[in-house]
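A.B. asks: Before I ask anything, let me first share the structure, which is written out below as structure tokens.
Each value in this text was obtained by applying a stated rule to the coordinates, not by laboratory testing. If you're wondering where the values come from, they're calculated on a predicted model, not measured in any experiment. Virtual Cβ from ideal backbone geometry, glycine too; neighbours counted across all protein chains shown.
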Amino acid sequence: MAATHTKKSKMKLRRSPAKERLLSHVARDGSVAMVDVAEKAVTSRFAVAQAEVVMAPRVLRLIMSQSMKKGDVLVTAQIAGILAAKNTSQLIPLCHPLPLTHIDVRCEAQSPDRVRVRCTAACNAQTGVEMEALTGAAVAALTIYDMCKAADRGIVIERLALVEKAGGKSGHYRRKHIGRPTD
């Protein structure tokens, strides 16, 4: 959909026919629906997503020395990311509930001022597992923010991105560079 403005500054929506076909969740009338995957084959799928949490170097030192008042930041973020990935279809309205076979969340300090969060999710299903990996990485990063915000209000979560995915009709994808909008 593209937005146009009338003379009275009211926003009017118009649809681009080419873009309409690319959005599998949007019908021609503008309504939304969960995509029907009943005819798709069950295949083995995995996805990896990543985010970075940037903070003051002193806060990273507090995390690494386990000196944060709320407890072990990285383990708590890991658990939160796993829980979030398992509940993605309850958070993202048009996501299919998936029978996840594996979730791995890693939170690694990257000196001097950041934690890299990576979430890997896998399943055998009729649709991809990218949203589960992205949700796991995002919530793990948000948990780090929550547990450290008293020590640094300037924390930034950045570069949430799909790193890699495989399985299904679209095949294998690997991002070349994190930080660019598209490859």
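A.B. asks: Counting only pairs 8 or more places apart or on different chains, how many lysine pairs in the chain have C-alpha atoms closer than 18 Å?
C.D. replies: The result is 6.
A.B. asks: Right, another one. Using the 10 angstrom Cβ neighbour count as an exposure proxy, how do 31, 44 rank, fewest first?
C.D. replies: 31, 44
A.B. asks: Please report the net charge: other residues with Cβ closer than 13 Å to the Cβ of residue 67, K and R +1, D and E -1.
C.D. replies: Around residue 67, the surrounding residues sum to +3.
A.B. asks: Also: Rule-of-thumb check for segment 44-90: C-alpha Rg over 2.2 N^0.38 Å?
C.D. replies: 1.46
A.B. asks: With the Cα gyration tensor of the chain giving a ≥ b ≥ c as the square roots of its eigenvalues, does the rule (a/c under 1.5 for rounded; else a/b larger than b/c for prolate; else oblate) give rounded, prolate or oblate?
C.D. replies: Because a/c hits 1.5 or more and a/b fails to exceed b/c, the chain counts as oblate.
A.B. asks: Determine the sum of side-chain charges near residue 121: Lys and Arg each +1, Asp and Glu each -1, restricted to other residues whose C-beta is under 10 angstrom from that of residue 121.
C.D. replies: That sum, taken over residues with Cβ under 10 Å, equals 0.
A.B. asks: I've got another one for you. Going through the DSSP H helices of the chain, which span 24 Å or more along their own axis at the Cα atoms while scoring at least 0.0 as a mean Kyte-Doolittle hydropathy?
C.D. replies: Within the chain the helices that satisfy the rule are 130-148.
A.B. asks: Long-range amide H contacts for residue 101: which residues qualify at under 5 Å (H placed 1.01 Å from N, peptide plane, sequence gap of 5 or more or a different chain)?
C.D. replies: Close amide H contacts, sequence-distant or interchain: 122, 123, 124.
A.B. asks: In whole angstrom, note down how far apart the Cα centers of segment 42-62 and segment 113-183 are.
C.D. replies: Taking the Cα centre of segment 113-183 as reference, the centre of segment 42-62 is 6 Å away.
A.B. asks: Hey, can you grab everything whose amide H is under 5 Å from the amide H of residue 163? Only 5+ residues off in sequence or another chain; H modelled, so Pro and N-termini drop out.
C.D. replies: Sorted by chain and number, the residues that satisfy this are 48, 49, 50.
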